[in-house]
Each structure stands twice: as C-alpha cells, then as structure tokens.
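Report on one structure; see the data block that follows.
Please treat every number below as a calculation from the coordinates, not as lab data. A quick note: this is a predicted structure, and the numbers were derived from the prediction, not measured. For neighbour counting, all protein chains shown are included, and Cβ atoms are generated from backbone atoms with ideal geometry for every residue, glycine included.
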Amino acid sequence: MPTPFTPISIRSLEISNRLWMSPMCTYSAAATGDATASPTDFHLAHYTARAAGGAGLVMIEATGVRADGRISPYDLGLWNDAQTDAFTRLAASIRAAGAVPAVQLAHAGRKASVDKPWLGGDPLDADRHGWNPVGPSPVPFPGHPEPAELTVTEIGEIVTAFAESAVRARAAGFDVVEVHAAHGYLLHSFLSPASNTRTDQYGGSFENRIRFPLEVIDAVRAVWPEEQPVFLRVSTTDWIDENPDDDRSGWTVDETVQFARIAAQHGIDLIDGSSGGTEPAPIPRNRDYQTRNSARIKAETGLTVAGVGRINDPAWAAELVADAHVDAVFLGRPLLRDASWINNAATDLGQQPRYIEQYDYAL
Ligand SMILES: Cc1cc2nc3c(=O)[nH]c(=O)nc-3n(C[C@H](O)[C@H](O)[C@H](O)COP(=O)(O)O)c2cc1C
C-alpha cells in the first residue's frame, strides 16, 4: 500500500513523494519593461522554501502563454527570453532544494485582466494596465466585461503560444508542464456549455467543445520530451448540474471522465482534478467534495490522478493515497500557512522528513 511518501514514477520521471505544491497565483511578477511577467526574488524564496519543506513536486502558479492570457498584470508569463532566464533560475533553485520543478501553463480567457485579489480583484481597463478579455463566446463572467469571441485563426495562435511556452519551460529546466483547463479560464470556458455557445467546430457537441483543449494538449505534447510527463488540470464539474435550483447545463463529472480518457490517448500522463470556476455556483462543504471526483476518474479510467482541495490533514492525505482513491495529492493553502507542512506531515506519519543539508540540524 503506498503512503504519501512512497516515490512515484511517471514516464521516466521519478518523484520522491506524493505530496506536491498546488499551483497558486501570487500576483508578484515584475510588472514593467522587458522583465514583465518574470519571476522575482519573491518567487525564488517562496517556491524554494516549499521545495525545501519536503514537496515532491512544486507546481509554479498559472503562467500566461501570452500577455493577454494572464489573469492579472502581476502574473507570471513565459513568452520571451528575459522571462525564460528568470524561470531558469527558479527551476534550478527548486531542484536544488529537492523537488521536481513543474509549471502550469495557462490562458485566463474571459476572466483575464483583473486586479490583485487583496486590492479587490476588479476587472482592469487599459488605464489600469488591463486589456480586453477573449473567450469562446460573448458571454461574460458575471461582473466582468463581455469577452471578444475568438476567431478560428486566433484559436490557432493560442495553440501555438502554448507550444512555444512549453518549449521555453523545457529550456528553463522544468520536468513537468501542466495544461490549465480548469477554473473557468480559457480552455475550461471552451469545455463548458455554460460559457461556450459557439456554433462552429469549437462549440455545441462534446467533441466540438473538447477540440481546442485537445489541440493545445497535442501541441504541447509534440514539443515536450517523450520521457517527461504532461499533466492536465481540469475542473471535474461546474457544480451547475448538481444544483437542483439551476436549470442550465454545465461541464459535468461524466464529461470529465470521458475527456480524461481521450486526453490520455493524446499524451496526458496525470489528471489533476479540481472543480468550479465557470460560473458562480454553490460548492458542497464536505471534505471529499472534490477528491471524490478525482477518485471516480481513477476508478473508471485507471489513469494516474491527483487529488486536491481541503486536504488539510496528513492522515486524510495518507488515507486518500493508501486506499488508491488518488495517486498523489496537491496541497494549496496548507503550504501558504506552513512552508514545511510536508516535512511535518512526514514526522506525524512516522516517515523520514526530507531536509536540505543546511537544515540537517532540524532532525
Ligand atoms: C491564492 C490562490 C491562488 C491560486 N492560484 C491557482 C493557479 O494559479 N492555478 C490553479 O490551477 N489553481 C490555483 N488555485 C487553486 C489551488 O491550486 C488549489 O486547487 C485550491 O486552493 C484547493 O486546494 P487547497 O484546499 O489545498 O488550498 C489557487 C488557490 C489559491 C488559494
């Protein structure tokens, strides 16, 4: 029976344990000049501390494949050489502290161009360094401006941008890229009928709604080394169909299971199961609200799956892994509260923590 500290191999990559840092925006990128959207000293300290804290893998926050694909003007991006240099330093620092460096590639779509959450998170216009968001259809996220509907040519340009960022991520030394197709951002907004009302080959049927995300997966897989993994973060449900008071249709767990199978045929190695984000919707409060969906994907497809969300207790993480509900666990807010959460969890579970040599005296 695996524990959270049993190593796992995906393709040729060995990951020393199964407790990983979940991608979390920090809104702290350089915001001016050539270095715009580059990691800063903040990112170096923040991610290195979590790697030194025992994470098997550290997933860098949503990183825009283009300037207009960032969530905010303070997000990371990976489309030029200055950014690639700064990411190279960051990946090396994470690796030196014992974790696998990974980066989440993203386009924020109709939810792009907002302020830092601690400044209110409001949509920003051009006067405040914002831009006009794009989406599958002119259906705004509540409280946001109407997105411009992407043309087929523009969709192709974004596919190319994902591939170009993946090439840069590899050059920077990352072992894993994750395609962000969750939380109502661009790829998820194509998957969901709540935000995608297109009538061309990118809208309508399930096959049409998954077309653009699959094109992105194919383009990233084509440039990513055969021996290294590509992860996919999906929202397993929009929480619309679960709500008896909502008569709309959203993206569902059934569709996620089908999509996961197809994504794996296109070279995805791990499904990272999150949820929600397309439309405001009530989310259940039970602790397995989201890991239950990941477990279902694993049970029905046999794919390698990660769980995330409210895994605040080492014993619960251990149960999820030991009972084969999920293969690995992403931790978000626990690692904001405590950079050494994972080493402390090792101690709690009677396992060996992984301290960097400078911290040997902590043992
Ligand atoms: C401040 C913050 C920023 C986040 N940014 C991202 C992100 O960049 N990409 C992503 O896929 N999820 C993002 N998330 C979601 C987390 O990765 C995670 O899935 C979520 O917080 C649930 O896990 P937790 O209960 O362990 O925090 C963010 C969450 C927080 C709290």
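Could you check what % of the DSSP bridge pairs in the chain are antiparallel, to the nearest 5?
So the antiparallel bridges amount to about 10 percent of the total.
Please list, short to long, the whole-number percent of alpha-carbon pairs of region 252-311 in consecutive 10 angstrom bins beginning at zero.
Percent of Cα pairs in each bin: 23, 53, 23, 2.
Just to check I understand the Karplus step: with θ = phi - 60° and J = 6.51 cos²θ - 1.76 cosθ + 1.60, what whole-Hz values come out for region 150-156, glycine and proline as x?
Karplus values, whole Hz, x for Gly and Pro: 5, 7, 4, 4, 5, 4, x.
May I ask for the Rg/Rh ratio of the chain, computed from Cα atoms with Rh as the Kirkwood radius, given to two decimals?
0.95
Modelled label-to-label distance, TYR359 and THR347, 7 Å Cα→beta-carbon offset: nm?
1.0 nm
Note down, for region 1-125, the three equivalent ellipsoid semi-axes (square root of 5 times each alpha carbon gyration tensor eigenvalue), biggest first, whole angstrom.
Computed over region 1-125, the values are 28, 15, 13 Å.
Once phi is turned into θ = phi - 60°, what whole-Hz ³J(HN,Hα) does the Karplus curve with 6.51, -1.76 and 1.60 give for every residue of region 339-356, x standing for Gly and Pro?
5, 9, 3, 6, 5, 5, 5, 4, 4, 4, 8, x, 10, 7, x, 10, 8, 5
With +1 on each Lys and Arg Cβ and -1 on each Asp and Glu Cβ, how big is the dipole of the chain about its Cα centre, in debye rounded to the nearest 20?
Using Cβ point charges on Lys, Arg, Asp and Glu, the chain gives about 560 debye.
Out of every Cα-Cα pair in region 289-359, what percent are more than 15 Å apart?
In whole percent, the long-distance tail amounts to 56.
If you average over every viewing direction, what projected area does the convex hull of the Cα atoms of region 205-250 give, in nm²?
Taking the Cα atoms of region 205-250, their convex hull projects to 4.1 nm² on average.
Amide H to amide H, which residues 5 or more places from GLY309 or on other chains are under 5 Å from it, using H placed in the peptide plane?
GLY332
Using amide H atoms built in the peptide plane, which far-off residues or other-chain residues are under 5 Å from ASP122 H to H?
ASP115
Amide H of TYR185: which non-local residues (sequence gap of 5 or more, or other chain) have their own amide H closer than 5 Å, using H built in the peptide plane?
none
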